[in-house]
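The values are calculated or read from the model by the stated rules, or taken from the named source; none is laboratory data. From a predicted model like this one, the values you see are computed outputs, not experimental measurements. For neighbour counting, all protein chains shown are included, and Cβ atoms are generated from backbone atoms with ideal geometry for every residue, glycine included. The accessibility values were calculated without ligands, DNA or RNA, using every heavy atom of the protein model including side chains. Shrake-Rupley method; radii C 1.70, N 1.55, O 1.52, S 1.80 Å.
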Amino acid sequence: MKLSQEQLAEFDRNGFLVIPDLFSAEEVTEIRRAMEKAFAEDHPANVREKKSGVVRTAMGLHLRDETFAKLVRHPRLVEPAQQIAGENLYVQQVKINVKAAFEGEQWQWHQDFSTHHHDDGVPEPLALNLHIFLDDVTDFNGPLYFFKGSQEFGSVATLHDTETTSYALWVVEQDKVREISESCELVAATGKAGTALIFGDCLVHGSPPNMSPWNRAIFSLILNPVANAYAKEQRQDHHHHRDLTPVRPLADDCLLEPAL
Ligand SMILES: O=C(O)CCC(=O)C(=O)O
C-alpha cells in the first residue's frame, strides 16, 4: 500500500499521519486473539503497571506469536514506512500498550528518539512508530496527545525518569513543553479500532492515565533504517531487537492466511 502525495505532505508538516480503517474488524479480531494470549503469559517482556500490576506493555511480540510475526511484515505498515524512511528497515521494537480501564497509567511527554539515542546509541531520528488501534480510542480512554509539528524543534533536552511509571523514559522538561505549546497545537489521536498512526522520532507526545471503564489497546511497531542502527546493547533485546535483517512485505491478506 502506498501513501498519496497529500498524505506524505501531511506527515512532513504535522509529524504524524492518521489512517482511519486501515485494518478490518476481522483483522483486528485476529490481532486481539494473539494479544490476549500474550497478556496471559508470565513473560519477562510483559511490563506491569507500577500501582495495579496489570500489564502495561507486552513486548517482543513477533518472537512470541505467528500473528505478530506476520504483522511486522504487513504491507500496509511496511510499505508506507519504506516510502518515508527508505527500503531497508529493521524491526526495532514490537509491543502492545494496553492502558487498562481504570488502571492504565500515563506516558510522560517524550520524543521516542531520546530513548533510542541515549539508551541504544541510534545516531539519527529516522525511526518510525507505526500504531494500530485495537480498541476504539476516544478522548476518554487515554489517547496519545501529539504536539502537531513539534518535530520541527528537532531533538530536545530530556531527563531520565525512572520513578513516575514502571517504564523508564527520557522525558521532555516542562519548560520545553510549555515553549513548544506556544507554537504547536495539541491534538488527541482518536479513532475506531483498525485506525493506524504513523509518527516520527522527534514528535513530542504523551498520554494521560485511563480513568475510564474502557480498555485502550494499541499495537506499536518501530522500524528503523538499517544504516541508522543501534550502537549500544545495554537494554534487553525486546526493547531494541538486534536482528538487522531488512523487513520485506508479505501479501496483503497475510493476517487472515493460516501460514506465514
Ligand atoms: O501507549 C501510549 O499511550 C503511549 C505510547 C508512546 O508514547 C509510544 O509508543 O511512543
Taking a straight Cα-to-Cα line shorter than 13 Å from residue 50, and setting aside same-chain aspartates and glutamates fewer than 8 residues away, one finds 103, 105, 163
Over 20 Å (Cα to Cα) among 148/176; 99/192; 70/192 -> 70/192
For the range 64-160 the trypsin sites (Lys or Arg not before Pro) that pass both the DSSP coil test and the at-most-12 other-Cβ-within-10 Å test are none
Residues other than residue 96 with Cβ under 12 Å of its Cβ, Lys/Arg counted +1 and Asp/Glu -1, net out at +4
Out of 92, 82, 234, a Gaussian network model of the chain with alpha-carbon springs under 10 Å gives the largest mean-square fluctuation to 234
Those trypsin sites (Lys or Arg not before Pro) from the range 174-260 that are DSSP loop and have at most 15 other Cβ neighbours within 10 Å turn out to be 192, 232, 235, 242
For the chain, averaging the sequence separation of alpha carbon pairs under 8 Å that lie six or more residues apart and dividing by its residue count, the contact order in percent is 34 percent
For the range 110-152, the accessible surface attributable to carbon and sulfur atoms (probe 1.4 angstrom, ligands and nucleic acids excluded) amounts in percent to 53 percent
From DSSP H assignment alone, runs of 4+ in the chain each adding -39500 (n - 2.57), the sum over residues rounded to the nearest 500 puts [θ] at 222 nm at -7000 deg cm²/dmol
Within the set 187, 55, 172, GNM on the chain using Cα springs under 10 Å gives the largest fluctuation to 187
Rounded to whole Å², per residue accessible area for the range 79-151 with a 1.4 Å probe reads 30 Å²
Net charge near residue 50 (other residues with Cβ under 14 Å of its Cβ; Lys, Arg +1; Asp, Glu -1) is -1
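Between beta-carbons, use under 13 Å as the cut-off and find the net charge around residue 173, counting Lys and Arg +1, Asp and Glu -1.
-1
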GNM on the chain, Cα springs under 10 Å; top mean-square fluctuation among 179, 27, 124 goes to 179
